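S.K.: Could you have a look at this structure, given as structure tokens, before my questions?
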Amino acid sequence: MYGAGMYLRMLFSFLRVIFSEPRYFLHLCISVVTLNIQHLFVGLFQNKKKHPVSVYSVFWRYHIVEIEPAHVYNFMLFYQGQSSLDKLLERNVTLYCTDHRWVYFVEVEPNKNVYSSDLSPLAWVAQFSHAKKVYVVALQDFIHFIDNLPANDTRVLLLSHLGRCGSTMLT
């Protein structure tokens, strides 16, 4: 389906990351392996009915550039315990990113507002810089949880954007 040139470009990009940023590559390898091992062990022993949220403490964080898109593999995490879904409703817990199986939230100090431009012009940069804990919940459990929340008549506007796209002109 793809030509040989496409595969060569992908290989070159992969090798460039390895050799230009070996610390980042090492960090990604370690964080991917440790997080997946922790997911496996937590999944074996977790009581999903009572506590469907896994809690991880942030031990280390690393990314190449400040405006790199949010991803949980930018953190080195250690399993800390379990929590109920109600923890996700706290004011200092915010949605960080998702993938095809998990939804990731970060907790910052209660006096920090990650949506304030005083911390950073981009919310995910403030989340990355100030995260103390990461909460992980299965995508199906999260969808079921939000479907069962009481109705809310608050008008909410979410302006979704990519960093440095000119969206500041809209606000």
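The values are calculated or read from the model by the stated rules, or taken from the named source; none is laboratory data. Just so it is clear, the structure is predicted and the values come from calculations on it, not from any experiment. Please note: Cβ atoms are built from the backbone with ideal geometry, for glycine as well, and neighbour counts cover all protein chains shown. Calculation scope for accessible area: heavy atoms of the full protein, side chains included, ligands and nucleic acids excluded. Shrake-Rupley method; radii C 1.70, N 1.55, O 1.52, S 1.80 Å.
S.K.: Give the residue that is farthest from Ser31 (Cα to Cα), with candidates limited to residues of the range 107-160 that are out of contact with any strand residue (DSSP E or B) (no Cβ under 7 Å at 6 or more places or on another chain) and among the β-branched types (Val, Ile, Thr).
M.R.: Ranking the candidates gives Thr154 first.
S.K.: In addition: Would you pick out the residues in the range 58-99 that are in contact (Cβ under 8 Å) with a residue 24 or more places away in the chain, among the polar types (S, T, N, Q) and within 25 Å of His144 (Cα to Cα)?
M.R.: Of everything in the range 58-99, those that are in contact (Cβ under 8 Å) with a residue 24 or more places away in the chain, among the polar types (S, T, N, Q) and within 25 Å of His144 (Cα to Cα) turn out to be Gln80, Gln82, Ser83, Ser84, Thr94, Thr98.
Each row is one residue, and each column tells you yes or no for (1) at pLDDT below 80; (2) part of a strand (DSSP E or B).
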residue	(1), (2)
Val136	no, yes
Asp141	no, no
Phe145	no, no
Ala151	no, no
Arg155	yes, no
Leu162	yes, no
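S.K.: Same structure again: Identify, please: which residue in the range 41-92 is among the small types (Gly, Ala, Ser), modelled with pLDDT of 85 or more and open to solvent by 30 Å² or more (accessible area, probe 1.4 Å) and is, among those, farthest from Lys132 (Cα to Cα)?
M.R.: So, considering only residues that are among the small types (Gly, Ala, Ser), modelled with pLDDT of 85 or more and open to solvent by 30 Å² or more (accessible area, probe 1.4 Å), the one farthest from Lys132 (Cα to Cα) is Ser84.
S.K.: Does Pro69 qualify as being within 21 Å of Cys29 (Cα to Cα), of a type outside the set (Lys, Arg) and in contact with a helix residue (DSSP H, G or I) (Cβ under 8 Å, 6 or more places away or on another chain)?
M.R.: So Pro69 passes the test.
S.K.: Let me ask you something else. So which residues in the range 74-112 are part of a strand (DSSP E or B), more than 22 Å from Ile37 (Cβ to Cβ) and not hydrophobic (A, V, I, L, M, F, W, C)?
M.R.: Thr94, Glu107
S.K.: Right, next: Taking the range 100-126 as the region of interest, how many residues are closer than 17 Å to Leu77 by Cα and either within 9 Å of the chain's Cα centre (by Cα) or free of Cβ contacts under 8 Å to residues at least 24 places away in the same chain (or both)? So that I can check it myself, show each step before the final result.
M.R.: Let us first name the residues in the range 100-126 that are closer than 17 Å to Leu77 by Cα, namely 102-108.
Still in the list and also either within 9 Å of the chain's Cα centre (by Cα) or free of Cβ contacts under 8 Å to residues at least 24 places away in the same chain (or both): 103-106.
Residues in the range 100-126 being closer than 17 Å to Leu77 by Cα and either within 9 Å of the chain's Cα centre (by Cα) or free of Cβ contacts under 8 Å to residues at least 24 places away in the same chain (or both): 4 in total.
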